[in-house]
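Below you'll find the structure, written out as C-alpha cells, and then a few comments.
The values are calculated or read from the model by the stated rules, or taken from the named source; none is laboratory data. Source: prediction; values computed, not measured. All Cβ positions, even for glycine, are placed from backbone atoms using ideal geometry, and neighbour counts span all protein chains on display.
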Amino acid sequence: MSDLLLVRHGETEWSANGRHTGRTDVPLTARGVDEALSLAPFFRDRQPALVLTSPLGRAVATADLAGLAGGVSDPDLYEWDYGGYEGVTTAEIQRDRPGWSLWTDGVPPGDAEHPGESAAEVGARADRVLARAADVLREDRGNVVLVAHGHLLRVLTARYLGLPPQDGRLFLLRTGTFSVLSTEHGLPVIAGWNTSP
C-alpha cells in the first residue's frame, strides 16, 4: 500500500513567535520559503496520486515551493480554529489560566471569523480527510500528500493511529517538515516523523 505523506507549512512570523495561528492567513517568512524549497528534492522523484492542501496561503505556497503544485484545496485541512485565542501565545494565555493546555482545556469562542473548535471537532475533520485519502491509498496508485498545519496534522496522526484527537499532543511537529504514515502487517504506523531534508 502507498503512504500518506504529511507536510507542515514553512515558518510564518506567528509560528516563529508561538502565536496560535488558526484561520488568520499569515504569509511565509524568508526562512519559511527556504524551508518549503528544501522539501523539493524529497518530492522530485515521487509522483503522488493526490495532493490535498489547506486553503490557507501558507500551506498553498509551501506546496508550490516544494514542487507539489496543482494540489486540491480541502477545507477540512484548515488549522484548528483557536477562537478567542487566535494570535495569542500559550504563555499569555497561562497568565490568566495557569496550566492551560489546548489539548485538554480548549478555547473560548472568538468573533464571527474565529468561533473556535474543540479537539473532537478537529478530529472529525481529520477523519474526513483520512477517509478521502484511504480511498486513493487502497487503489495503490501512489502516495497521498497532505500540506497543512501543525495542530491539525498532529490530530490527524492520532486519528490515523486510532487514538483520540487529544493524543495529537504526543506528536511534536516543526515547520517545514515532512512525516510518513504507513502500514505494517495491515496496521497503521509512523514510518518517519518531523523530518527536515
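Anything in the range 131-158 that is of a type outside the set (Gly, Ala, Ser), free of Cβ contacts under 8 Å to residues at least 40 places away in the same chain and surrounded by fewer than 22 Cβ atoms within 10 Å (Cβ to Cβ)? List them, or say none.
ASP135
Can you tell me which condition GLY123 does not meet? The list is (1) in contact with a strand residue (DSSP E or B) (Cβ under 6 Å, 6 or more places away or on another chain); (2) surrounded by fewer than 24 Cβ atoms within 10 Å (Cβ to Cβ); (3) in contact (Cβ under 8 Å) with a residue 40 or more places away in the chain, and all the others hold.
(1)
Within the range 8-15, identify whether any single residue is aromatic (Phe, Trp, Tyr) and either closer than 23 Å to TRP80 by Cβ or crowded, with 19+ Cβ neighbours inside 10 Å (or both), and answer yes or no.
yes
Count, please, the residues in the range 36-58 that happen to be in a strand (DSSP E or B) and among the hydroxyl-bearing types (Ser, Thr, Tyr).
1
Residue-wise test of (1) over 24 Å from LEU163 (Cβ atoms); (2) assigned to a helix (DSSP H, G or I); (3) of a type in the set (Gly, Ala, Ser); (4) modelled with pLDDT of 95 or more.
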{"site": "ASP81", "(1), (2), (3), (4)": "no, no, no, yes"}
{"site": "GLY84", "(1), (2), (3), (4)": "yes, yes, yes, yes"}
{"site": "GLY87", "(1), (2), (3), (4)": "yes, no, yes, yes"}
{"site": "ALA91", "(1), (2), (3), (4)": "yes, yes, yes, yes"}
{"site": "ARG95", "(1), (2), (3), (4)": "yes, yes, no, yes"}
{"site": "PRO108", "(1), (2), (3), (4)": "yes, no, no, yes"}
{"site": "ALA112", "(1), (2), (3), (4)": "yes, no, yes, no"}
{"site": "ALA120", "(1), (2), (3), (4)": "no, yes, yes, yes"}
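So, of the residues in the range 47-63 that are touching a helix residue (DSSP H, G or I) at 6+ places or on another chain (Cβ under 7 Å) and either more than 15 Å from THR29 (Cα to Cα) or without any contact (Cβ under 8 Å) to a residue 12 or more places away in the chain (or both), which turns out to be surrounded by the most Cβ atoms within 10 Å (Cβ to Cβ)?
SER54
GLY70 fails exactly one of the following numbered conditions: (1) surrounded by 12 or more Cβ atoms within 10 Å (Cβ to Cβ); (2) under 30 Å from ASN143 (Cβ atoms); (3) touching a strand residue (DSSP E or B) at 6+ places or on another chain (Cβ under 8 Å); (4) not hydroxyl-bearing (Ser, Thr, Tyr). What is the number of that condition?
With (1) surrounded by 12 or more Cβ atoms within 10 Å (Cβ to Cβ); (2) under 30 Å from ASN143 (Cβ atoms); (3) touching a strand residue (DSSP E or B) at 6+ places or on another chain (Cβ under 8 Å); (4) not hydroxyl-bearing (Ser, Thr, Tyr) applied to GLY70, the lone miss is (1).
Right, PRO75: surrounded by 13 or more Cβ atoms within 10 Å (Cβ to Cβ), free of Cβ contacts under 8 Å to residues at least 24 places away in the same chain and within 18 Å of the chain's Cα centre (by Cα) or not?
Against the criterion (surrounded by 13 or more Cβ atoms within 10 Å (Cβ to Cβ), free of Cβ contacts under 8 Å to residues at least 24 places away in the same chain and within 18 Å of the chain's Cα centre (by Cα)), PRO75 does not qualify.
When you go through (1) in contact with a Leu (Cβ under 7 Å, 6 or more places away or on another chain); (2) more than 16 Å from ASN143 (Cα to Cα); (3) part of a helix (DSSP H, G or I) one by one for ASP25, which number turns out not to apply?
(3)
Tally the residues that are in contact with a Ser or Thr (Cβ under 9 Å, 6 or more places away or on another chain) and under 18 Å from LEU173 (Cα atoms), restricting the search to the range 16-28.
Restricting attention to the range 16-28, the residues satisfying the condition of being in contact with a Ser or Thr (Cβ under 9 Å, 6 or more places away or on another chain) are 16-21, 26-28.
With the extra rule that they be under 18 Å from LEU173 (Cα atoms), the set shrinks to 16-21, 28.
Number satisfying all stated conditions: 7.
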